[in-house]
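**Q** Here it is, the structure in full.
The values are calculated or read from the model by the stated rules, or taken from the named source; none is laboratory data. Being a predicted model, the structure only gives us computed values, none of them experimental. Cβ atoms come from the backbone with ideal geometry, glycine included; neighbour counts cover every protein chain shown. Just so you know, the surface numbers come from the protein's heavy atoms only, side chains and all, with ligands and any DNA or RNA stripped out. Shrake-Rupley method; radii C 1.70, N 1.55, O 1.52, S 1.80 Å.
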Amino acid sequence: MRDTLYAALTALMTVMAIALLVMWVAINRALSPLSWLSSQLIPQSPMDNGQLPETQILEVAPLTHAINNYRQQWLDALAAMRDFIADASHQIRTAQATTKAQLEIALSSKNALVDRDIVEAIYQDHTKLTRLTNQLLVHATIVHRGDHQTFTPINMHDFLQEVITYAVRDYAHTNIEFEYVPASENIIILGDEIVLKEALRNVIDNAVAHGKTGNTATHGIIRIRLEASNQDCRMYVEDNGQGIPEDQRAQALERFVKVGTNTQGSGLGLAIAQSAALSHHGDLILSESELGGLAVSFSLPRLTETLNAPFNY
């Protein structure tokens, strides 16, 4: 019995040793593609434009492709951020240089009395710089909140009433007439209320600045209209100004681009609105308004029967 036990234990230990050796070889062979991938990633810099080389290892090829795509998206986002920072720096430096030049002219004047025209020019330059700074901060906020997408249900009728109330209060001193055309049904969307408010305010500010020289001789008209369809809703902001020519509308959505007779703005208002629409998985379209000016329309997905369903992206 002892000899039989020893023989069985010896055979069992031999089988276990052989099995462990086979497992060790198999595991090392299975993980060798990951070791190869690590050897390719370690010497590369995060800012490197190079792609990982193509591999014939079937198990690693999808992972290599995914890493290359992710890196390209990262580099594209980084390039866009660099361009934005460069454009923003240029715009801010230009506004600061203009203000400084006006101040130097005022200080170099031998007249003891301050020239009102110079003070007015300084005030206008300071106003543009302040608006530019605020819009840059708003744009950064929209991009940041759009990446996180902390969306909540929003009743569009209540939302627009609140925005219009603030707009009427802010522009009570102007000859602007606000109109609101609600939808025929209740509309609820999932969105970020702060982002949408900032986007809509920028569009209204643009309509106030460029729409009051429109078809009516005594006052400007800004009409905010809400329409609904089965899958989405469309929110319009229309004015009776000169509008934007059709061949320049795509260009008007770019950052820091001024089209038509617009020379006073920062070129960020419509870009902010478009960023807000895209962050809500919608779009922004420029067209001719029924009032004769520009119509800016937001298309946003509606929340219907999925109100109580989890909202994940």
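**Q** Ranked highest first by average number of other Cβ atoms within 10 Å, how do 94-106, 195-207 line up?
**A** Per-residue Cβ counts within 10 Å, averaged per peptide and sorted highest first, yield 195-207, 94-106.
**Q** Roughly how many percent of the accessible protein surface of segment 1-135 is carbon and sulfur, given a 1.4 Å probe and a whole-percent answer?
**A** Here it works out to 66 percent.
**Q** Can you tell me which of 283-296, 15-28, 155-168, 62-75 comes out highest on packing, and rank the rest after it, using the mean Cβ neighbours within 10 Å?
**A** Ranking, from highest mean packing down: 283-296, 155-168, 62-75, 15-28.
**Q** In addition: Counting only heavy atoms of protein chains, what accessible area per residue, in Å², does the chain have with a probe of 1.4 Å?
**A** Solvent-accessible surface per residue comes out at 62 Å².
**Q** By its C-alpha gyration tensor, with a ≥ b ≥ c as the square roots of the eigenvalues, how is segment 144-187 shaped: rounded for a/c under 1.5, else prolate for a/b larger than b/c, else oblate?
**A** Oblate is the answer for segment 144-187, as a/c is 1.5 or above yet b/c matches or exceeds a/b.
**Q** Sticking with this structure for a sec: Rounded, prolate or oblate: pick one for segment 58-186, where a ≥ b ≥ c are the square roots of the eigenvalues of its C-alpha gyration tensor, a/c under 1.5 means rounded, and failing that, prolate if a/b is larger than b/c, else oblate. Walk me through the numbers on the way to the answer.
**A** Details: a/c = 5.22, a/b = 1.36, b/c = 3.84.
Because a/c hits 1.5 or more and a/b fails to exceed b/c, segment 58-186 counts as oblate.
**Q** Let me ask you something else. Report, in deg cm²/dmol and to the nearest 500, the calculated mean residue ellipticity at 222 nm for the chain, where each DSSP H run with n ≥ 4 adds -39500 (n - 2.57) and the sum is divided by the residue count.
**A** Roughly -19000 deg cm²/dmol at 222 nm, from the helical runs in the chain.
**Q** Still on this model: Please list the non-local residues whose amide H lies under 5 Å from the amide H of Leu253, H modeled 1.01 Å from N, same-chain partners needing a gap of 5 or more.
**A** For Leu253, whose amide H was placed from the backbone, there are no distant partners under 5 Å.
**Q** Take a quick pass over the chain and tell me how many lysine pairs come in under 30 angstrom between Cα atoms, counting only ones 8 or more apart or on separate chains.
**A** For the chain, qualifying lysine pairs total 10.
**Q** Could you tell me whether the chain comes out rounded, prolate or oblate from its Cα gyration tensor? Rule is a ≥ b ≥ c as square roots of the eigenvalues, rounded for a/c under 1.5, then prolate if a/b exceeds b/c, otherwise oblate.
**A** Numbers: a/c = 3.66, a/b = 2.04, b/c = 1.80.
Since a/c reaches 1.5 and a/b is larger than b/c, the shape of the chain is classed as prolate.
**Q** While we're here: Percent antiparallel among DSSP beta bridges with both residues in the chain, to the nearest 5?
**A** 80
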